[in-house]
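Each reported figure results from applying straightforward, stated rules to the coordinates on display, with no laboratory input. Since the model is a prediction, treat every value here as computed from it, not as a measurement. Quick reminder, even Gly has a Cβ in these numbers, built from the backbone with ideal geometry, and neighbours come from all protein chains shown.
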Amino acid sequence: MNDSTAIDTATAIDAVPARRPWWRLPLMFGVPVLIVAVGLFFWLTSGRTVTTDNALIDAPVSSVAPEVTGRIVDVRVKENDVVKAGDLLFTIDPAPFRIAVLQAEAALATARVNYAQLEGQAAARGADIGSKQADVTANHAATALAHDNFDRQASLLKRGFTTRAAYDAAQAAYVKARQDELASSADITAARATAQAATAALGNGGGSVPPAVAAAMAQLERARLDLARTQVRAPMAGRITQTDRLELGNLAPQQLPLISIVADKGYWIEANFKETQLAKIRPGQRATVEIDAVPGRKFAAHVTSIGAGTGSQFSLLPAQNATGNWVKVTQRVPVRLVLDEQPDRPLVAGWSANVTVDVRQ
């Protein structure tokens with residue numbers, strides 16, 4: 001009796017169904033709902049932004065080159081120094097240029113003395129013309145008088161009231177007066193030609209700066225400018241870099257960059273987007289920039305311009321697609337962005353960045 005009762009009790013216990021865990025039902029329905037919600041979120045938010053990690057920080061860079069050739073005698077900066085616009089960077093030996101200034105000053109003084117001499121010669125030629133003109137007038141009057149006397153003697157000779165000697169003397173006097181008049185006319189013509197040459201040598205008739213003096217003044221200004229250029233100054237504020245060639249005693253060739261200055265402001269971001277991402281990018285759109293060297297910070301920015309060509313188009317050896325084994329490669333186009341806020345630390349040109357552009361606008 002006891003054994004059968006125990007068997008019936010065990011059978012009844014096995015017949016009672018096991019209770020299911022309480023979390024199975026929420027999990028069964030919650031996971032599909034969560035998947036649907038996540039999919040719906042990505043579907044609704046897709047296409048709102050475009051992102052690239054092919055972006056670099058860029059900044060204005062000025063390559064400083066001397067405008068005159070000479071030996072470096074003084075260096076005021078070193079690598080990574082911070083300078084302001086107008087600060088002295090280095091000095092080229094000014095001695096040869098001081099000598100050039102002295103030579104130009106002497107040449108200017110000589111040109112002015114020569115011009116004064118030409119003015120004196122022109123004035124003398126003018127006075128000589130006046131004297132020659134008086135001689136012409138006097139000789140013309142003498143010729144007229146001799147002509148009248150000759151006519152009178154000829155008339156008297158015909159009537160027998162004068163001698164042949166008086167007639168010949170009157171004729172000779174007339175011929176002599178005529179020759180003197182012609183000679184004075186030739187003299188005044190020559191004097192006028194000489195005066196014109198003297199006036200031409202003055203340049204513009206002496207009414208403005210003569211060409212010789214103007215040329216000497218220009219040479220002097222050029223010499224002074226070259227002397228001033230021996231002191232090479234910073235064209236903008238920033239940080240000094242690439243100073244390897246800037247050493248005392250080195251020859252500084254004209255127009256050969258010796259150092260560079262990276263500006264301390266005016267940074268921009270050069271983001272290279274795929275050509276397939278450009279359909280919605282427009283200048284003025286807002287963006288977010290994450291700089292690898294500044295983790296945990298997001299900087300607000302905006303698009304300023306879109307490049308006119310791909311990177312490969314402006315490379316040293318552009319790609320040639322007219323080949324039999326051509327493979328299509330997605331090109332990248334540079335997009336320039338500007339930060340809307342000033343970073344709290346100096347940026348470095350060339351730093352990598354991630355750029356996300358909001359294309360909903």
Between V82 and S352, with labels modelled 7 Å along Cα→Cβ, what's the label distance in nm to one decimal, could you check?
2.8 nm
Taking a 27 Å limit on the Cα-Cα distance, which of the listed pairs K265/K298; K78/K265; K84/K274 fall beyond it?
K84/K274
Full extension from Q179 to H140: what is 0.36 nm times the residue separation minus their Cα-Cα distance, to one decimal in nm?
13.0 nm
With a 10 Å radius around each residue's Cβ, average the other Cβ atoms per peptide and rank 140-151, 266-277, highest first.
266-277, 140-151
Ranked highest first by the average count of other Cβ atoms within 10 Å around their residues, in what order do 51-58, 111-118 fall?
51-58, 111-118
Which whole-Hz couplings ³J(HN,Hα) result when phi for each residue of region 333-346 is put into the Karplus expression 6.51 cos²θ - 1.76 cosθ + 1.60, θ = phi - 60°, listed in order with x for Gly and Pro?
10, x, 10, 9, 10, 10, 5, 8, 9, 7, x, 7, 9, x
For D81, enumerate residues with amide H under 5 Å from its amide H, sequence gap 5+ or separate chain, H modeled in the peptide plane.
I240
J(HN,Hα) series, region 349-359, from Karplus relation 6.51 cos²θ - 1.76 cosθ + 1.60, nearest Hz, glycine and proline x
4, x, 4, 7, 8, 10, 10, 10, 9, 7, 9
What are the ³J(HN,Hα) couplings of region 224-234, residue after residue, when phi is run through the Karplus curve with 6.51, -1.76, 1.60 and θ = phi - 60°? Round to Hz, x for glycine and proline.
5, 5, 4, 5, 5, 6, 5, 9, 8, 10, 6
For V359, which sequence-distant residues (separation of 5 or more, or a different chain) have an amide H within less than 5 Å of its own amide H, given hydrogens modelled in the peptide plane?
T49, V50
